[in-house]
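Trainee: Got a structure for you, written out below as structure tokens; questions coming shortly.
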């Protein structure tokens, strides 16, 4: 008996240990531990999926999954990710045998006893999960990045288990369907059409997609390559003006990338769809790219900046076909890697498409302000961040990934040399095609092209947050430079040093001397300046190649609009703004300089940037008591420039955008009304339907006495049904009735009222406009408290956008107390979300600094 008891104890202990081992892999989301195990557990994955889409949005979507895979390890059960309600699962059969449904912690669990080493087949009947289906009355689309495929169907939702997909969709007869694979056959049923697609290319789950609904379809054959395009836009002027460049930019991007990578286009097709109110600018699904409709369709009066942004967006998503889709990161901690390549190459692709544009200037305008907007904050993060669970992957996205990393990559290219860098990129694509790679894989390839220790170089650029503050010490003697030294100090107080290249411009009354500088230590004496004649001004980062905040003590703010070089002038405006936020320059002085720039600037890219900085300082960092006086001072000057008949339309529209943003006093409001009701026509100011709708919203926020009538008329004038629904959604946020606005704000606490995320963000900006903050600030605490739920229920950019549109509009003492109190009362608030909050609340903290410094 004693032996038997001992054996039973040992057995129970082993069973207990086995259960503990099994349970250790089971948790919500996809842990890194689970992902690593499954990578070696399964291979040869093929998903055969069918979806039966009813015409009625309220009806469930019947679905079926046939999963074929090879199993190499049965130490643990098979965990399929399914982050949806258990009630959606109907039946599960494994290798021909029906088993009980076991769904726990967002996973379908298939016990080892039903599986075998080698080939296995799993069949699941279910109703499709709808969190990421984006269902509308007459169309739907999937958006599954980074871990949302598991909210739609059971799968291995991690980037390093690539698979083939065979998709079968039944949809209403008048609907069109687009997926990542080519259409194989269509079968007409009684009241629907069954669309069966060919086997897809190999891809990660986050790249699987389909679009279905009432769309128009067009196609174009370019050099033997056919592309199909689904869209819902009905503005004939926009359609006529946009179709040719949309197709052309896709083809130009494809040709450039084939040449740059020396690797042919890696997928079956390059089709795309434009979707109203889309959450992102675009998403790189292979063979079925999705775009925000308003980003693609521009009218013939679009500004150069809008056209350039469209080209950049198309180039970015096309670049992902190689960088991200063909070669995918192993884990989402390297999501930045695909984004930096896409943005870096999109900048190169845009150059030949817009030969008239200064692309060094465009690079600066595209990336620096956005990178600094996060890297200067208390929530600054490294380019590469740790990630323990895929459920948190969405929080890694932001301006550091999209905008600091291209700046870093440009420095890296300069370090390695353009030829060696390109060779390393080509080897990266060749070596890891249809597989996965990480930053270390790339560094190893680039190391072969240079003598520089890239791992050491990337330690600060890639693995550390923040930026340097540059100071100098210039000594003159007898009208010449005796010594010139510069020093860098990390803004966050750390010992980090950023090795980098930039140039310094010495300005004289009749000449200019531009000197390249390599800063690779904390303090550096620049010997080449010794004996040089004392300059009138010193302009740092003249070529906008360096990264950080530079001294302005040798450059009068008022001289910036007169700098002749576009890039140097543009970066000087950036540096002006950053010096304001550091408390080194009074906001009123900076605003005066920016207004002068608005009145004299001739470069559209620089003007757009000046307008943004001017608006930010005016609303955030100018004492409200002084704001009225400044608005009165600016208004006649801006109107005078608007009325200049010789002013090009692009510049005029940018000036008007700034004027519209600050003309809240009665005189400005009256002029905006005359423009809105078309009783005042400004020559060469070309406004479209969207502009007039936006103008109506502005008049409502400014409290125009006829606001209710204006909004009613604006709604009636909208010709597109999708845009009409959007404006109807926004109306409560524009209402003069505070109770109605409060009710709308409270409704956003429910996830079902936040489904149209881009609409919600627009509404929040209306609610939290500086002129509405006295009544809106009471909702701030609720908004911060909803952030975790928004991360769980929304798409990847929604938490930061939500915070930007709420607390990000404020800089008051009240808002400061709300943020500080929230953080104290929520000590376990997730770090990734705390960083997002601190990034969004930068204006709140900077406001405290500037009030103490200047008031």
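Read the figures in this text as sums done on the coordinates, not as results from a lab. Computed from a predicted structure; not experimentally measured. Glycine also receives a Cβ, built like all others from the backbone with ideal geometry; neighbour counts cover every protein chain displayed.
Trainee: Mean projection of the alpha-carbon convex hull of the range 477-557 over all orientations, in nm²?
Mentor: Values: hull surface 23.3 nm².
Averaged projected hull area, Cα only: 5.8 nm².
Trainee: Per the helix-only calculation at 222 nm, which mean residue ellipticity applies to the chain, given -39500 (n - 2.57) for every DSSP H run of n ≥ 4 and division by its residues, nearest 500 deg cm²/dmol? Mind showing how you got there, number by number?
Mentor: Values: 29 runs with 365 residues, N = 855.
So the helix-based figure for the chain works out to -13500 deg cm²/dmol.
Trainee: Can you give the angle from 0 to 90° between the axis of helix 721-734 and the longest principal axis of the chain, with both taken from C-alpha atoms, to the nearest 10?
Mentor: The helix 721-734 is inclined about 60 degrees to the chain.
Trainee: Separate question: Could you check the spin-label model distance between residue 739 and residue 218? Points 7 Å from the Cα along Cα→Cβ, value in nm.
Mentor: Going from the residue 739 label point to the residue 218 one covers 4.9 nm.
Trainee: To test your reading of the geometry: what angle, between 0 and 90 degrees and rounded to tens, separates the Cα axis of helix 624-642 from the longest principal axis of the chain?
Mentor: So the inclination is approximately 80 degrees.
Trainee: Also, quick follow-up: Would you mind calculating the gained length between residue 584 and residue 183 on full extension (0.36 nm times residue separation, minus the Cα-Cα distance), in nm to one decimal?
Mentor: Details: separation 401, 0.36 × 401 = 144.36 nm, distance 6.11 nm.
That works out to 138.3 nm of additional length.
Trainee: While we're here: What is the distance in Å between the Cα centroid of the range 598-659 and that of the range 808-837?
Mentor: What the calculation gives is 32 Å, centre to centre.
Trainee: Hey, how many Å between the Cα centroid of the range 201-251 and the Cα centroid of the range 503-555?
Mentor: 48
Trainee: Above 52 Å lies some portion of the pair distances; for the chain, what is it as a whole percent of all C-alpha pairs?
Mentor: Numbers: 62495 of 365085 pairs.
The answer is 17 percent, as a whole percent.
Trainee: Okay, next question. Just the number: Rg to Rh for the range 1-213, Cα atoms, Kirkwood Rh, two decimals.
Mentor: On the way: Rg = 19.4 Å, Rh = 18.4 Å.
Checking Rg against Rh, the ratio lands at 1.05.
Trainee: To continue, here is another question. For helix 418-432, report the angle its Cα long axis makes with the longest principal axis of the Cα atoms of the chain; keep it between 0 and 90° and round to the nearest 10°.
Mentor: 20
Trainee: So, one more: How large is the Rg to Rh ratio of the range 341-396 when both quantities use alpha carbon positions and Rh follows Kirkwood?
Mentor: Values: Rg = 15.3 Å, Rh = 13.7 Å.
Across the range 341-396, the Cα-based Rg/Rh ratio is 1.11.
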